[in-house]
Amino acid sequence: MVIVTRPEREGLQWVAALQARGIDALALPLIAITPPADAGALDAARTGVASYHAIMVVSSNAAQHFFDQKTVQTLADQAPAAIKTRVWSPGPGTARALQALGVHAARIDIPALDAAQFDSESLWAVVHGQIGPGSRVLIVRGTEAGATEQGTGRDWLARQIQAAGGQVDFVVAYTRGAPGWNAEQQARARAAAVDGSLWLLSSSQAVDNLCAALPGQDWGQARALATHPRIAQAARAAGFGSVRECRPALDDVAASIESAA
């Protein structure tokens, strides 16, 4: 059994995709997604979207919570003489979410599909030529409950933009919190710690939330598949007995699951 720990909406999509390949999978979200505390700041950022050279969305959740129909139309209606705002995506999954929301594929920049990782470093290798003195970039990201209003994540990318002479603004599109598991979910998670299930981990915060949800749990018998070296490091630090790494693309994840069976 593969335990998919992504937020509920994404997790159910991944479960369906894995099951379509004959892989037994179950959604057990380790991150809860809720609206941001400051909806006014989000609305203001949407209003000014066409003034940016690029909008970087950190995830499909960022895309879902930022790109409403009016915002997509604002970009589509940019006058010929206006800034042609690019939309930066960290990977193909977020790019697909953007397209589903109405953002034209020709406007989206993503890392090379054969990149070792879908992250800020791989994205910057593709988009750095777009940025120079006076360029403005909006980074749309999330924040943890009770954390900074500016949000967290993609600070390395922001530093690269600034070093190239660009200006970076941040806006929080959603809040990440701990899951509100019921008794059945807690029992399933405890069983998955010892029954040979494979935990599909796509966030270091998910690892932290898992440990907080099951305090005192021994993870020595647990197996994990992490989609980034930093996530793998967090799983090992939490005590997972077996941790493998793979790229976050569906094909790579499915291949790794099948080879671990």
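The values are calculated or read from the model by the stated rules, or taken from the named source; none is laboratory data. Everything numeric in this text was worked out from a predicted model, so none of it was measured. Note that each Cβ is placed from the backbone with ideal geometry, even for glycine, and that neighbours are counted across all protein chains shown.
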Open item on the list: Given the options Ala37, Ala16, Ala44, Ala25, name the one that is over 18 Å from the mean Cα position of the chain (by Cα) and modelled with pLDDT under 90.
Closed with: Ala37
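I'd like to verify a number: residues in segment 47-71 that are in a helix (DSSP H, G or I) and under 28 Å from Ser202 (Cα atoms), how many?
First, pick out the residues of segment 47-71 that are in a helix (DSSP H, G or I): 47, 49-51, 60-66, 69-71.
Those still in the list that are under 28 Å from Ser202 (Cα atoms) too: 60-66.
Total meeting the criteria: 7.
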Open item on the list: I'm trying to understand the selection: among the residues of segment 202-226, which are out of contact with any Leu (no Cβ under 7 Å at 6 or more places or on another chain) and surrounded by 15 or more Cβ atoms within 10 Å (Cβ to Cβ)?
Closed with: Ser202, Ser203, Ser204, Gln205, Asp208, Cys211, Ala213, Leu214, Gln217, Trp219, Ala222
Task: Subset of segment 51-65 that is at pLDDT below 95, out of contact with any Pro (no Cβ under 8 Å at 6 or more places or on another chain) and not aliphatic (A, V, I, L, M) - its residue that is surrounded by the fewest Cβ atoms within 10 Å (Cβ to Cβ) - done: Ser51
TODO: Go through segment 1-31 residue by residue and tally those that are part of a strand (DSSP E or B) and not small (Gly, Ala, Ser).
DONE: 4
Open item on the list: Suppose we filter segment 96-140 for residues that are free of Cβ contacts under 8 Å to residues at least 24 places away in the same chain and surrounded by 21 or more Cβ atoms within 10 Å (Cβ to Cβ); how many remain?
Closed with: 2
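Based on this model, can you work out whether Arg96 counts as in contact with a Phe, Trp or Tyr (Cβ under 7 Å, 6 or more places away or on another chain) and either small (Gly, Ala, Ser) or modelled with pLDDT under 95 (or both)?
Numbers: in contact with a Phe, Trp or Tyr (Cβ under 7 Å, 6 or more places away or on another chain): no; either small (Gly, Ala, Ser) or modelled with pLDDT under 95 (or both): yes.
Spelling it out, it is not the case that Arg96 is in contact with a Phe, Trp or Tyr (Cβ under 7 Å, 6 or more places away or on another chain) and either small (Gly, Ala, Ser) or modelled with pLDDT under 95 (or both).
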